[in-house]
Amino acid sequence: MALSDLELNSGTKMPIFGLGTWQSRDESAEAAIDCALENGYRLIDTAYVYGNEALVGKVLKKHFDSGKLKREDIFITTKLPNTANRPESVEKYLKKELASLGLDYVDLYLVHMPVGLVELSEDDLLPTDKETGMALFDPDSDHVKLWKAMEEQFEAGRAKAIGVSNFNIQQLQRILDNCKIPPANNQVEIHAYLQQPELVKFCADNKITVTSYATLGSPGRVDFHEALGLPKAEIPDLMENPVVVEIAEKHSKSPAQILLRFIMQSGIAVIPKSVTPARIKSNSEVFDFELSADEMASMKALDKGPKARGFTMVDIFKGIVDHPEFPFHDTLKA
Ligand SMILES: NC(=O)c1ccc[n+]([C@@H]2O[C@H](COP(=O)([O-])OP(=O)(O)OC[C@H]3O[C@@H](n4cnc5c(N)ncnc54)[C@H](OP(=O)(O)O)[C@@H]3O)[C@@H](O)[C@H]2O)c1
């Protein structure tokens, strides 16, 4: 089964494989993006909140200037921060992000989170009440009005496609019921333990492509939680799972390659993050083998449902569960 690019409802195509860059910073991020482009990666996933769009732009410029890459060879995804989930902020942030990236357009612009935060300043990405420690939410975030502003950016040509991230079925349905341009993509946590079959089917039925994040279980969350003084992050043992390890041995591949291939073979894009050159290279070696129907069935059987969600956001944004657009009540009930 050859894996192909995903067709977006905007008429453009998105690579099914790319590089994630959350927590990629400074020289290591620059080297990682450079290494990825040298190894054939053609999709880079970034975001305003990752603080590395200028680094992505710097490496892209190097590849454009040297003639190794043309703008149309590369697919750039970035995201509106949740401190900007209001119509009047969308154009301001996208223009700022394009300036950092050194680009005239992005290939895909996503609303990063369905929950909005107040904007205290353009640099304060986690506005918090100093006394209570509670995140300062914007109770008025209205997805329908916000989406209209996203559509305007598509129409202005600053984004070749528009989509969302961390949206559940009800939130997607509300946009679909009220939009001119439907979302092209929903970027969500998906891995062998959290396969989200209902959401994936809903997206397929509505021609919304899906991107998996944390496909490898996001082991880097341990450092992130530590840096913010949050409770220790629990990381799923995906790469040590005996079923995954056995399939990996059969194909002479690594567990990471099996986890990525499984999701891609399910028609979902993956964006594994690494700043380690050997991993960047090996993660991309997922096009030269195929999982059999039996192996796909064994991988599907690993699904644990919503309780396996790592990115509930409840530790990071204190009080998020009470926001009307908190998308992960299924995990809290599981
Ligand atoms: N939309 C959203 O809300 C959202 C949320 C989370 C992530 N994302 C996007 O999705 C991307 C991927 O998610 P993620 O970064 O959380 O998790 P991930 O890709 O599952 O895991 C990345 C972590 O795994 C390590 N790693 C990478 N390849 C490996 C390998 N072959 N063997 C062992 N360890 C390996 C990396 O370490 P080293 O870097 O040290 O090699 C890094 O710590 C992000 O970077 C970001 O672009 C989006």
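The values are calculated or read from the model by the stated rules, or taken from the named source; none is laboratory data. As the structure is a prediction and not an experimental result, all values here were calculated from the model. Using ideal geometry, Cβ is built from the backbone for each residue, glycine included, and neighbour counts are taken over all protein chains shown. All accessible areas refer to the heavy atoms of the entire protein, side chains included, with ligands and DNA or RNA removed. Shrake-Rupley method; radii C 1.70, N 1.55, O 1.52, S 1.80 Å.
Peptides 242-248, 53-59 ranked from most to least packed give 53-59, 242-248, packing being the mean of other C-beta atoms within 10 angstrom over each peptide's residues.
Once you sort the root eigenvalues of the Cα gyration tensor of the chain as a ≥ b ≥ c, which label holds: rounded (a/c under 1.5), prolate (a/b larger than b/c) or oblate (the other case)? It comes out rounded by the Cα gyration axes. Please work out whether the stretch 58-101 counts as rounded, prolate or oblate from its C-alpha gyration tensor, where a ≥ b ≥ c are the square roots of the eigenvalues and a/c under 1.5 means rounded, while otherwise a/b larger than b/c means prolate and anything else oblate? Prolate is the answer for the stretch 58-101, as a/c is 1.5 or above and a/b outweighs b/c. Where only DSSP H runs of four or more residues are counted, the chain gives -11000 deg cm²/dmol as its mean residue ellipticity at 222 nm, each run worth -39500 (n - 2.57). For the options Gly40, Gly102, Gly51, a Gaussian network treatment of the chain with springs between C-alpha atoms closer than 10 Å singles out Gly40 as fluctuating the most.
For the stretch 6-333, the antiparallel share of DSSP beta bridges with both residues in that region comes to about 15%.
Taking the centroid of alpha carbons for each part, the stretch 103-126 and the stretch 315-334 are 19 Å apart. Solvent-accessible area of Phe137, all protein chains in place: 40 Å² (probe radius 1.4 Å, heavy atoms, ligands and nucleic acids excluded).
When peptides 270-277, 316-323 are ranked by their average number of other Cβ atoms within 10 Å per residue, the highest-first order is 270-277, 316-323.
Average accessible surface for the stretch 6-333: 43 Å² per residue, computed with a 1.4 Å probe over protein heavy atoms with every protein chain in place. In summary, the aspartates and glutamates within cross-link reach of Lys207, defined as a Cα separation below 13 angstrom excluding same-chain residues under 8 places away, comprise Glu7.
Take every Cα pair under 8 Å whose residues are at least 6 apart in sequence, average their separation, divide by the length of the chain, and the relative contact order is 19 percent. For Asp322 and Glu198, FRET efficiency with R0 = 30 Å and r from the beta-carbon atoms, rounded to 0.05? Computed FRET efficiency for Glu198 and Asp322 comes out at 0.75. As a rough guide to protection, the peptides 255-266, 85-96, 66-77 ranked by mean Cβ packing within 10 Å, highest first, stand as 255-266, 85-96, 66-77. In the structure shown, the pairs Lys95/Lys148; Lys79/Lys160; Lys68/Lys96; Lys307/Lys333 are assessed against 19 Å; a Cα-Cα span above that value is assigned to Lys68/Lys96. Among rounded, prolate and oblate, which fits the stretch 211-334 when a ≥ b ≥ c are the square roots of the eigenvalues of its C-alpha gyration tensor, a/c under 1.5 means rounded, and a/b larger than b/c means prolate? Prolate, because a/c is 1.5 or more and a/b exceeds b/c.
Between the stretch 169-185 and the stretch 20-37, the alpha-carbon centres lie 32 Å apart.
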